[in-house]
Amino acid sequence: MIHETRVNAMIPRERVGVLIGPKGSVKSTIEQKLFVDLEIDSDTGSVYIGVKPDSPDPSSALRAKDLVLAIGRGFSPSRAFSLFNDDYSFDIVDLHDYFGKNEAEIRRVDGRIIGREGRARRNLEELTGTLISVSGHTVSVIGTFESVSIAKDALEKLIEGRQHGTVYKFLRISTD
């Protein structure tokens, strides 16, 4: 099938099964709700997204790409499906931008963002109204444009080494 609008995305091969879902349910939900076709290469993790001719929204391929990338970056399908909401956006913070390929430093910061038993990540989500996933060298955020921006500011402060309490205080002030 030829599509006017077509975008590509890459996800880790180990996340392809999550994107497809049991009996193709996740893939099919994305295709039906966004009027797109997903072609998934499970050997490489390449995903080709084409807009169906009857789509009411030609930009749906870009929304589908965000959804695919969110699942690829560690969000469960149910959390990623919040991107069906037009008011929600998705963004990725790449820790390579801060630490290059220094894996030890990236692991340390991953731990700071997640916190003991996931408490820091949960606090960030609650204080910003976002969803956050830490996967490999990336931290991904889903929420409204404004809440994603606030969450990214908070993440940057944690990456720079600020105390968790200081960041939470900043968030309480920013979200009032």
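Every number here is computed from the coordinates shown, using simple stated rules; none is lab data. All figures in this text were calculated on a predicted structure; none of them were measured in a lab. Using ideal geometry, Cβ is built from the backbone for each residue, glycine included, and neighbour counts are taken over all protein chains shown.
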Determine by what factor the alpha-carbon radius of gyration of the chain differs from 2.2 N^0.38 Å, reporting the quotient. 1.09
Set the bar at 28 Å for Cα to Cα. Now go through K101/K169; K65/K152; K23/K65 and name every pair that lies beyond it. K101/K169
Can you give the charge dipole size of the chain about its Cα centre, rounded to the nearest 20 debye, using +1 on the beta carbon of Lys and Arg and -1 on the beta carbon of Asp and Glu? 680 debye
Nearest 0.05, what FRET efficiency do K157 and D86 give at R0 = 25 Å with Cβ-Cβ as r? 0.30
Given 15 as the ceiling on other Cβ atoms within 10 Å, longest exposed-site-free region of the chain for trypsin sites (Lys or Arg not before Pro) in DSSP loops: 1-100
What GluC sites (Glu not before Pro) does segment 1-100 have in DSSP loop regions with at most 13 other beta carbons within 10 Å? E4
When the expected Rg is taken as 2.2 N^0.38 Å, what fraction or multiple of it is the alpha-carbon Rg of segment 88-174? 0.99
Zone of D57's modelled label, taken as backbone nitrogen in segment 138-168 under 12 Å from a point 7 Å along Cα→Cβ: none
Overall dimensions of segment 6-83 as given by Cα atoms, namely Rg and Dmax in Å: 11.1, 32
Using distinct alpha-carbon pairs, which all enter the 1/r mean, Kirkwood radius of segment 52-126 in Å: 14.6 Å
So, in Å, what gap is there between the alpha-carbon centers of segment 107-124 and segment 6-28? 27 Å
Report the residue, chosen from G17, G165, G50, that carries the largest GNM mean-square fluctuation when the chain is represented by alpha-carbon nodes joined by springs under 10 Å. G165
Please give, to one decimal in nm, the separation of the simple spin-label points placed at T166 and Y48, each 7 Å out from Cα toward the Cβ. 5.0 nm
R116 to D176: FRET efficiency via 1/(1 + (r/R0)^6), r the Cβ-Cβ distance, R0 35 Å, to the nearest 0.05? 0.85
